[in-house]
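The values are calculated or read from the model by the stated rules, or taken from the named source; none is laboratory data. Quick caveat, the model's predicted, so the values are computed rather than measured. We place every Cβ from the backbone using ideal geometry, glycine too, and count neighbours over all the protein chains shown.
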Amino acid sequence: MAILEGKKAIIIGDRDGIPGPAIEACLESAGAEVVFSSTECFV
Amino acid sequence: MDLENQKRVKEIADQFGPENVIVVLGAAEGEAAGLAAETVTAGDPTYAGPLAGVSLGLLVYHICEPEIKEEVDADIYDEQVSMMEMVLDVDNIITEMTAIRDQYTKY
Amino acid sequence: MNHSVLKGTGYVLVHVPGMVMHHGTTQTTERSAHPDSDYLKELPKHIRSYEDCLAYPPNQTYIGNLSIEELSDIEEPWFDKKTEHPSRFGPFGEVMPEDEFAVLMQICDAFDLVHLDKEFVQTAKPKLEAHPLITAAMLSLIKEGQEPEVIRRQVEEEHAQPVIVGDKLVGYVKRAHDVDVNLSAHVIFENLVSKASEVLTILHLLKQSGVDPNDVDYVIDCSEEACGDMNQRGGGNFAKAAAEIAGLLNATGSDTRAFCAGPAHAIVEAASLVKAGAFKNVIVAGGGCTAKLGMNGKDHVRKGLPILEDCLGGFAALISENDGVNPEINLEIIGRHTVGTGSSPQAVIESLVTNPLTAAGMKITDVDKYSPEMQNPDITKPAGAGDVPEANYKMIAALGVKLGQLERAELPAFVKNHGLRGFAPTQGHIPSGVPYLGFARESMLAGRTKNAMIIGKGSLFLGRMTNQFDGISFFLQKNTKKEASSGVSASAVITAMPVIGVAIPDSELGEEMVRSAVASAGKNGYKAVLIEGDACLKRMDEMLIAGEIDAAVAAHNPFPVGVATVGRIATPALGREMFLATTTGTSATDRVEAMVRNAIAGIIAAKTCGIEDPTVGIANVEGGRQCERILQTLSENGYSLRFADSARADGGILMRGNDLLQGSADVMVMDTLTGNLMMKVLSAFTTGGGIESVGYGYGPGIGEDYEKRILIVSRASGAAVIANAIEYAAQTVRGDLLTIARCEYAKAKKAGLQKLIDESKQRSPGGPPVAAKAIAPPKETCTEEIHGIEVMELDEAVEALWSEGIYAESGMGCTGPVLMINDARIEQAKAILQKKGYVH
């Protein structure tokens, strides 16, 4: 069963890992609906 | 996790129902990924934010985990993430994330 | 291409534990949300003392006392390690304690908003008065202070922000407006901290670069604060506010903001302004940030670490017109994260690193060093942000693998060879690329590194105006002008030509000859001015100090002990150029130490004249073997020397008379008296000894911390030698003798110079002098000279006078050692010296 398809997705990206918008593009291609996307910055 | 982000996670889980929500992380290393995952499942371990003592038990993955990668369009994944697979310690991230999911995820 | 250059840098830390508690946002947020939290109770136990903060290895690296390589050799984590001999001041700046900084904040307050405790001012003010860089104008701004009762009332009842030093309330910053939140006490405090730390960093930059404050045209502030009122919240301008206190009377400025990428943007702007010809000298500077203090404190406390984010950071750089010496900022290689780039890490690195390099026909491996964000991993790792610089190097390498420029197996080696360990405090804009500029400049001046890419990145999305990320990179390269100088137009050479003063009051060959020498140097394109009259040597000194001349050629000069001159000659057998180290002056009173120091002076002179890696030979004179041993150990310890090989059949580093005639070494090391003898023999042999007709004269005085460029010729020097000496003098300016000297002495010191010399003295039959050292009485102006003291006894003679309460200095005149003394004391001093047998 697909994990992402049809899900409401919350994205907590990381500026020094994978930033929010990059994850957003990935999840949308898998059929998830991105309801919140943010990028954290620890430095 | 940032306090504002905790607030939003809580609101979204309330609005759509925790079973319909998935959290996807982009953290730079295993420990930070584990802490964020713990926050959206068992509650804020630092007891600082709105999720302190709130166990949402949400489904949570890191974008580099194979389960997620499998479902993402291969070209887009290659363009957006693949380079970071060489940079991040993906095995460590998977270990941390799996441990949290096994213990706290309810959905 | 006439690129602008990086002429100097300044780096400052301020240890502010009081601000961690009261102004770091992690702590203030916690206090408002959970005033009784365990974290706030636990935190004070994790605060470091000033001494611990100073000895913390990354902090010593930030101010230049510990190289990045030395830091990398220390096993991580670093928080439990200490530098062996930490020093408050370093080649790039300092670590200032909190009490002095509180006074500096008051100095920087132009609106009567900062008030300190009366008693506190009395104890802290003298410390700032003793600070080497705080100007008299700044000291005059220090106010007397207020009573503790007034301070307490302001903080408790009037919304003032407390100034805390060592747990004590020592002052307050009051709000500048009753309603306007942009002028609240909190904002004013934050902005004054930024301004004061920026001022301190600029002062260090001025000292480091030697630029005249009046020559600075423009300042660009690149911090992350905003100053303004409710009608223009980010109106500015920190740059001009800081320039005012730092005394940059001829500068204006503006603020550039781009989150952490600010400094990199500002340097590109500064380099462009200079290259375009709008300004000659532009300073880029950024002060520290209170909000980020203790930002990751919760993680540090949870893991039992000290609060490592207890320092404000400051950074400054001077960008100037190309001087043919300093590293260039090559504006043809600029990376930009554009609006269309997107946010995938791959696209980011492409835009900042590989795209500009590919456009310039380069591969990622063509860049010696990359400086992305240089955050100290000791701080970020426990907080879950990993090792930020290392992750950046991995990203660059990973992209290289994707582009086929690197094999995957080479990834770790790339990170090691082209990367640097992070050492900067997490003060936002401070760690972003620029912390490496100071080391990069030194390394490029010394020829160890040919280029570096500096990468600034900024999280614009934190400001909620855009989801965009940002970044900009620029390329620093070793100065290319020297190699390309044949292509430079004549007018460009003349505008950059230094002015040389010539003072030879008593030439044996007559005034007319001196005049013709000056004229002939002028015909060859050198700017020389003849300083005439009986007092010409005094006038020369004044002109040097006033900057009317850049260097001088003189028949006499009393160099202090520690300074000796490096002669330059064309050797008779092969016409090969050779540097004779040294020919007048005294590098040290111990013979072997003097020869070792002569070798370093010789290398400095040769490098100044464009010989990148000169060969060093030691004349076969008494002490030569010991000198050789020390130089070889120095070389093994990291002060890498290229030794010459004697032309005689059996070779070796020790040079025979034949080698002197042939010029077997670029730098020929010997004791000064032998050097003086050889100089005269080699420059006067063609005339039968009457006139010194060949060579460049006795050369510039060189010594540790000696900051003048004075070259010596003899009373018997002919016109050709004087004209050559003028050329040699111009080279000491354009080749930046003083910077090269600083670098060389620093390297030799790091390789254990003093220890080796001390060991050698222990071994020598006489051993070190055992008498207790006399303490110098208060310094007096010394204008009179006493001659006739044996050089070996000179220091003793000085101390003999000190022990009688008379201030004296040792020096070296043209006829031998001299003792310098105040004119009112001369008779008394002579009598003492006679009684003790130092003079007859």
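One residue stands out in the range C:692-708 among those that are of a type outside the set (Lys, Arg) and surrounded by fewer than 24 Cβ atoms within 10 Å (Cβ to Cβ): the one that is nearest to residue C:670 (Cα to Cα), namely C:704. Checked against the criterion of being surrounded by 21 or more Cβ atoms within 10 Å (Cβ to Cβ) and either polar (S, T, N, Q) or in contact with a helix residue (DSSP H, G or I) (Cβ under 7 Å, 6 or more places away or on another chain) (or both), the candidates C:355, C:417, C:376 yield just one match: C:376. One residue alone among C:84, C:94 is in the same structural domain as residue C:448 (by TED's automatic domain parsing), among the acidic types (Asp, Glu), crowded, with 21+ Cβ neighbours inside 10 Å and out of contact with any helix residue (DSSP H, G or I) (no Cβ under 6 Å at 6 or more places or on another chain), and that residue is C:94. Conditions: (1) surrounded by 17 or more Cβ atoms within 10 Å (Cβ to Cβ); (2) aromatic (Phe, Trp, Tyr); (3) within 11 Å of chain C (Cβ to nearest Cβ). Residue B:104 meets all but one. Number of the miss? The single condition residue B:104 does not satisfy is (3). When the range B:97-107 is filtered for residues that are hydroxyl-bearing (Ser, Thr, Tyr) and in a helix (DSSP H, G or I), the ones remaining, listed by number, are B:98, B:104. Checking each residue in the range C:35-83 for being aliphatic (A, V, I, L, M) and assigned to a loop (DSSP other than H, G, I, E, B) picks out C:47, C:63, C:66, C:74.
Across the range B:5-22, the qualifying residues are those that are within 18 Å of residue A:24 (Cβ to Cβ) and either of a type in the set (Lys, Arg) or in contact with a Ser or Thr (Cβ under 9 Å, 6 or more places away or on another chain) (or both), and the one among them that is surrounded by the most Cβ atoms within 10 Å (Cβ to Cβ) is B:9. The residues in the range C:251-292 that are basic (Lys, Arg) and over 25 Å from the mean Cα position of the chain (by Cα) can be counted, and the count is 2. Of all the criteria given as (1) buried (at least 21 other Cβ atoms within 10 Å of the Cβ); (2) within 16 Å of the chain's Cα centre (by Cα), the one not satisfied by residue C:718 is (2). If we scan the range A:12-27, do we find a residue that is in contact with a Phe, Trp or Tyr (Cβ under 8 Å, 6 or more places away or on another chain), modelled with pLDDT under 95 and part of a strand (DSSP E or B)? Yes, the range A:12-27 contains at least one residue that is in contact with a Phe, Trp or Tyr (Cβ under 8 Å, 6 or more places away or on another chain), modelled with pLDDT under 95 and part of a strand (DSSP E or B). The test for being among the hydroxyl-bearing types (Ser, Thr, Tyr) and in the same structural domain as residue C:564 (by TED's automatic domain parsing) holds for residue C:696. Of all residue pairs spaced 6 or more apart or on separate chains, those with beta-carbon atoms under 9 Å, a first member in the range C:108-119 that is without any contact (Cβ under 8 Å) to a residue 40 or more places away in the chain and a second member that is charged (D, E, K, R) are C:112/C:143; C:112/C:174; C:118/C:144; C:118/C:147. Only one of the numbered conditions (1) out of contact with any Leu (no Cβ under 6 Å at 6 or more places or on another chain); (2) assigned by TED's automatic domain parsing to the domain that holds residue C:564 is not met by residue C:727, and that is (2). Taken over the range C:804-828, the criterion of being surrounded by 17 or more Cβ atoms within 10 Å (Cβ to Cβ), more than 14 Å from residue C:781 (Cβ to Cβ) and small (Gly, Ala, Ser) is satisfied by C:810, C:813. Across the range C:506-545, the qualifying residues are those that are under 37 Å from the mean Cα position of the chain (by Cα) and of a type in the set (S, T, N, Q), and the one among them that is nearest to residue C:556 (Cα to Cα) is C:520.
Looking only at the range A:33-43, filter to residues that are among the aliphatic types (A, V, I, L, M) and at pLDDT 95 or above; which one of those is surrounded by the most Cβ atoms within 10 Å (Cβ to Cβ)?
For the range A:33-43, the residue satisfying everything is A:34.
Within the range C:276-308, how many residues are part of a loop (DSSP other than H, G, I, E, B), surrounded by 22 or more Cβ atoms within 10 Å (Cβ to Cβ) and either outside the structural domain of residue C:162 (by TED's automatic domain parsing) or among the charged types (D, E, K, R) (or both)?
Count: 1.
For the range C:789-806, the set of residues classified as in contact with a strand residue (DSSP E or B) (Cβ under 8 Å, 6 or more places away or on another chain) and not β-branched (Val, Ile, Thr) consists of C:790, C:794, C:795, C:797, C:801, C:802, listed by residue number. Taking the conditions (1) outside any helix (DSSP H, G or I); (2) surrounded by 15 or more Cβ atoms within 10 Å (Cβ to Cβ); (3) within 27 Å of the chain's Cα centre (by Cα) in turn, residue C:599 satisfies each one other than (1). Residues that are away from chain A (no Cβ under 14 Å) and under 29 Å from residue C:431 (Cα atoms): list the helices (runs of 4 or more DSSP H) wholly contained in the range C:142-260 that include at least 2 such residues. Helices (runs of 4 or more DSSP H) meeting the threshold: C:185-209, C:238-245. Is there a residue being of a type in the set (Ser, Thr, Tyr) and over 20 Å from residue C:52 (Cβ atoms) anywhere in the range C:73-94? No, every residue in the range C:73-94 fails to be of a type in the set (Ser, Thr, Tyr) and over 20 Å from residue C:52 (Cβ atoms). Scanning the range A:2-19 for residues that are more than 7 Å from chain B (Cβ to nearest Cβ) and surrounded by fewer than 24 Cβ atoms within 10 Å (Cβ to Cβ) yields a count of 2.
When residue C:235 is tested against (1) in contact (Cβ under 8 Å) with a residue 12 or more places away in the chain; (2) farther than 25 Å from residue C:15 by Cβ, exactly one condition is not met: (1).
If you go through the range A:20-43 and keep only what is within 7 Å of chain B (Cβ to nearest Cβ) and more than 12 Å from the chain's Cα centre (by Cα), you end up with just A:40. Are any residues in the range C:334-358 within 16 Å of residue C:258 (Cα to Cα) and not aliphatic (A, V, I, L, M), and if so, which ones? Answer for the range C:334-358, where residues must be within 16 Å of residue C:258 (Cα to Cα) and not aliphatic (A, V, I, L, M): C:335, C:336, C:337, C:338. The single condition among (1) more than 18 Å from residue C:412 (Cα to Cα); (2) facing chain B (nearest Cβ under 9 Å) that residue C:354 does not satisfy is (2). Scan the range C:261-275 and tell me whether some residue there is touching a helix residue (DSSP H, G or I) at 6+ places or on another chain (Cβ under 8 Å), within 26 Å of residue C:95 (Cα to Cα) and outside any helix (DSSP H, G or I). No: zero hits. Of the helices (runs of 4 or more DSSP H) lying entirely inside the range B:1-96, the ones with 2 or more residues being within 22 Å of residue A:3 (Cβ to Cβ) and more than 8 Å from every other protein chain (Cβ to nearest Cβ) are found at B:3-16, B:30-41, B:66-71, B:74-80. Just for the range C:728-744: of the residues that are part of a helix (DSSP H, G or I) and in contact with a helix residue (DSSP H, G or I) (Cβ under 7 Å, 6 or more places away or on another chain), which one is farthest from residue C:695 (Cα to Cα)? If we take residues in the range C:728-744 being part of a helix (DSSP H, G or I) and in contact with a helix residue (DSSP H, G or I) (Cβ under 7 Å, 6 or more places away or on another chain), then C:743 is farthest from residue C:695 (Cα to Cα).
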